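**Q** Can you read through this structure? Questions will come right after.
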Amino acid sequence: MNIILFGPPGAGKGTQATNLVDEFNLYKISTGDLLRKEIEKKTILGTKIKKIIDKGHFVSDELINDLIKKVLLDKKINNKLIFDGYPRNLSQAKALELLLINNNLKISCVLCLNVDKETIVKRILGRQICSNCGSIFNEYFNPSTMNSHKCDVKFLQKRSDDNEKTIKSRIETYKEKTLPILNFYKKQNLLYEVNGMAKIDDISKEIRDIITTIET
Ligand code: AMP
C-alpha cells in the first residue's frame, strides 16, 4: 500500500502520517522534513533551500524528484510508503507516477484533508515540533503534556516558516500550484476526502476506515 496525504499547509498531514506509520507499519516520506534535514547540515544547498522555504515558495522540482528517487532505491520500504507534502504540483505528480511505474509500484489512495483557512492559520501559528523525538504538537489544540510527551520542553521548537507573513504566501502557492493535482487523482478514482477539521483521533479513525476498506 502506498498513500498520499494531501492538504494545505497546517492541515495535519504530518500528525496523521506519523499515526499511520505506527499503525500500518508504513514509511513516511515528508519532503519538508528531508529539506529541513539538509538545512540542519548547514551546507550551501541547505542555505539556498532555507531562503526558499522562508519565503513560502517551492523548492525546484528537480531537487525534490531527486530526493524521492533516492528514497525509492531502498527496496525494503517499497509498497509501504506514505507521502506527506509530495507531490505538490502537477509536474511532481507526473514524475512520481513514472518513478512508481519504474519500480513496479502504484498509489493506493490519495487522502485529502479538508481544513478551512482560519484553522490552517491557527494550526500553523501554534505548531511546535520536538527536535528530540520529532513529535508534532500545537500550543492551542494539542499541547505537549507530561502524559503525551516524554522529552524536555526545551526541545519544543517553532519552524522558521511558521509565521503570519510566510503563511499567506504558502496558502497562495498551495491554491495555485497544489490544488490542481486533485483533479489528476480524482480522474484515477484515487481521491478520498477527509474532514480535517475534526479532532486528531477522529481524523485518524476516518482515515483508518478508508484504508481498511481499500485493503480488503
Ligand atoms: P512542509 O513541511 O511540507 O510544510 O514543507 C515546508 C516547505 O518546504 C514548503 O513550504 C516548501 O517551501 C518546501 N517543500 C516541501 N515539500 C516540497 C515539494 N514537494 N516541492 C517543493 N517544495 C517543497
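**Q** For I207, are the conditions met, namely being in contact (Cβ under 8 Å) with a residue 24 or more places away in the chain, more than 19 Å from I82 (Cβ to Cβ), in contact with a helix residue (DSSP H, G or I) (Cβ under 7 Å, 6 or more places away or on another chain) and assigned to a helix (DSSP H, G or I)?
**A** No; evaluated as a whole, the condition is false for this residue.
**Q** Condition first: within 10 Å of the ligand (Cβ to nearest atom) and either assigned to a helix (DSSP H, G or I) or over 19 Å from K70 (Cβ atoms) (or both). Now tell me which residues in region 21-36 satisfy that.
**A** T31, G32, D33, L34, L35, R36
**Q** Pick from region 37-54 the residues that are within 20 Å of S169 (Cβ to Cβ) and without any contact (Cβ under 8 Å) to a residue 12 or more places away in the chain: which of them is farthest from the ligand (Cβ to nearest atom)?
**A** T47
**Q** In region 47-73, what count of residues is obtained for those that are among the small types (G, A, S) and within 20 Å of N163 (Cα to Cα)?
**A** Of the residues in that region, 1 qualify.
**Q** With the checklist (1) within 10 Å of the ligand (Cβ to nearest atom); (2) at pLDDT below 95 in hand, flag the one item R88 doesn't pass.
**A** Here R88 meets the rest and fails (2).
Yes or no, residue by residue, for (1) loosely packed, with under 14 Cβ neighbours inside 10 Å; (2) under 23 Å from R208 (Cβ atoms); (3) not β-branched (V, I, T):
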| site | (1), (2), (3) |
| --- | --- |
| F137 | no, yes, yes |
| P143 | yes, no, yes |
| N147 | yes, yes, yes |
| E164 | yes, no, yes |
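**Q** Tell me, please, whether a residue that is part of a strand (DSSP E or B), of a type in the set (D, E, K, R), under 22 Å from G32 (Cα atoms) and within 15 Å of the ligand (Cβ to nearest atom) can be found in region 170-183.
**A** no
**Q** Output yes when any residue across region 72-80 is within 18 Å of Y185 (Cβ to Cβ) and acidic (D, E), and no when none is.
**A** Looking for residues that are within 18 Å of Y185 (Cβ to Cβ) and acidic (D, E), one finds none in region 72-80, hence no.
**Q** Another question, if that's okay. With the checklist (1) free of Cβ contacts under 8 Å to residues at least 24 places away in the same chain; (2) under 22 Å from L20 (Cβ atoms) in hand, flag the one item E139 doesn't pass.
**A** E139 satisfies all of (1) free of Cβ contacts under 8 Å to residues at least 24 places away in the same chain; (2) under 22 Å from L20 (Cβ atoms) except (2).
**Q** Quick one: count up the residues across region 92-107 that are in contact with a helix residue (DSSP H, G or I) (Cβ under 6 Å, 6 or more places away or on another chain) and polar (S, T, N, Q).
**A** 2
**Q** Assuming R159 fulfils every condition listed in (1) in contact with a strand residue (DSSP E or B) (Cβ under 8 Å, 6 or more places away or on another chain); (2) surrounded by fewer than 19 Cβ atoms within 10 Å (Cβ to Cβ); (3) part of a helix (DSSP H, G or I) apart from one, which condition is it?
**A** (3)
**Q** Also, quick follow-up: List the pairs whose first member sits in region 149-176 and is of a type in the set (G, A, S), whose second member is surrounded by fewer than 18 Cβ atoms within 10 Å (Cβ to Cβ), and whose Cβ atoms are under 6 Å apart, counting only residues at least 6 apart or on separate chains?
**A** Pairs that qualify, where the first residue is of a type in the set (G, A, S) and the partner is surrounded by fewer than 18 Cβ atoms within 10 Å (Cβ to Cβ), are S160/D54.
**Q** Something else about it: Mind checking whether some residue in region 116-131 is without any contact (Cβ under 8 Å) to a residue 12 or more places away in the chain and farther than 22 Å from N189 by Cα?
**A** Yes, region 116-131 contains a residue that is without any contact (Cβ under 8 Å) to a residue 12 or more places away in the chain and farther than 22 Å from N189 by Cα.
**Q** If you scan region 1-19, which residues turn out to be part of a helix (DSSP H, G or I) and either within 16 Å of the ligand (Cβ to nearest atom) or among the basic types (K, R) (or both)?
**A** Of everything in region 1-19, those that are part of a helix (DSSP H, G or I) and either within 16 Å of the ligand (Cβ to nearest atom) or among the basic types (K, R) (or both) turn out to be K13, G14, T15, Q16, A17, T18.
**Q** Moving on. Pairs, please: C-beta under 9 Å, at least 6 apart or cross-chain, first residue at positive phi and in region 85-99, second part of a loop (DSSP other than H, G, I, E, B) and within 6 Å of the ligand (Cβ to nearest atom)?
**A** Short answer, once both residue conditions are applied: G85/P9.
The values are calculated or read from the model by the stated rules, or taken from the named source; none is laboratory data. All values reported here derive from a predicted model rather than from experimental measurement. When we count neighbours, we look across all protein chains shown, and the Cβ atoms used for this are built from the backbone with ideal geometry, even at glycine.
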